[in-house]
Amino acid sequence: MGRQHIGPRVPQPFNPDPGLPIWLETFCHPRLTLTEHDTMCRLVAYLGDPIHLDQLVCVPQHSLLRQSMRAAEATTTTHGDGFGIGWYGEREEPGVYREVTPAWSDENLGALCATVQSHLFFAHVRAATDSAVARQNCHPFRQGRWLFMHNGQVGGYAKVRRQLEGRLPDTLFAQRKGATDSELLFLLALARIEAGETPEQAVPTVLDDTLALMRRAAINEPLRFAAALTDGDQVFAFRYASDGKPPTLYVNETPTGSIVASEPLDGQAERWQPVPANSWLRMSRQDALVQS
């Protein structure tokens, strides 16, 4: 197991200019190699000093909104099958806004992002695969104070869906609104967290159990998983794959906070550290830590 600490932050005003100097030690990595696996969704999570959501969702050179129209590191260039944002304010439970329209065509999204400030928020654009284009299938998913969003797939999902759903306790099964593998993995992880496991323990265990079911069902398609989970205090991000080809995921430390994203949001790729394959990342208000 390897641990990589990404230092504390010094609060400063946020500046979305891609030329912003980053105070911390930077990592000169090339972008992750594009393979056939990056076909579905794009996401971004932020934790730090309060900023307007549009500073990451709309304003940057390669913002999530622009990725919805033209993603750079996905074989599915356009992500127009719905979107969602989730943010924390003064109450324990987050606010959520999700729609089935393309992100670039929703005027309310721009207005909300330009108005709402938050110290912790998620944003996601979707390219649907097996599940219907419906609001209940759009990310992020909310359960109590928890938020979750995902890019990836459970290979042969239809063959293991019933067994996976059977592992949910009745209380969480009743909360399942959509039909996606993403929401199901989220609820399975929550079941383990409610039983006393930490998020760092619960999510990899759910993935291991899912992969075991896939193998028993003789499914050859891979399990691929890049996701973010939060309880409103810390953010946990995960990057896994059963075939060594996990979806892209990057982390960036700015003077105001930590950002996790499917793709760099600006033209300064060297400032975005790829999250290693088969590892997780924990972000707090003070720093970020990668565990592989």
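The values are calculated or read from the model by the stated rules, or taken from the named source; none is laboratory data. Predicted model only: the values in this text are computed from it and were never measured. Every residue, glycine among them, receives a Cβ derived from its backbone with ideal geometry; neighbour counts consider all protein chains shown. Keep in mind that these areas ignore ligands, DNA and RNA; they rest on the heavy atoms of the full protein, side chains included. Shrake-Rupley method; radii C 1.70, N 1.55, O 1.52, S 1.80 Å.
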Q) What's the local net charge at Glu165, with K and R +1, D and E -1, over the other residues with C-beta under 14 Å away? A) +2
Q. Got a number for carbon plus sulfur as a percent of segment 192-292's accessible area, 1.4 Å probe?
A. 41 percent
Q. Thinking of segment 160-213 as a set of Cα atoms, what percent of all their pairs are more than 12 Å apart?
A. 61 percent
Q: Could you do me a favour and compute the accessible area per residue for segment 154-273, 1.4 Å probe, result in Å²?
A: 36 Å²
Q. Which value, in Å² rounded to 10, gives the accessible area of Asp233 with a 1.4 Å probe and all protein chains present?
A. 90 Å²
Q) Glu165 accessible area, nearest 10 Å², 1.4 Å probe? A) 40 Å²
Q) Short version: ³J(HN,Hα) in whole Hz for each residue of segment 226-232, in order, from phi by Karplus 6.51 cos²θ - 1.76 cosθ + 1.60 (θ = phi - 60°), x for Gly and Pro, what are they? A) 10, 8, 10, 9, 9, 9, x
Q) Where does segment 185-249 land on the Kirkwood hydrodynamic radius, alpha-carbon pairs, in angstrom? A) 12.5 Å
Q) Using only Cα atoms, what is the ratio of the radius of gyration of segment 179-292 to 2.2 N^0.38 Å? A) 1.12
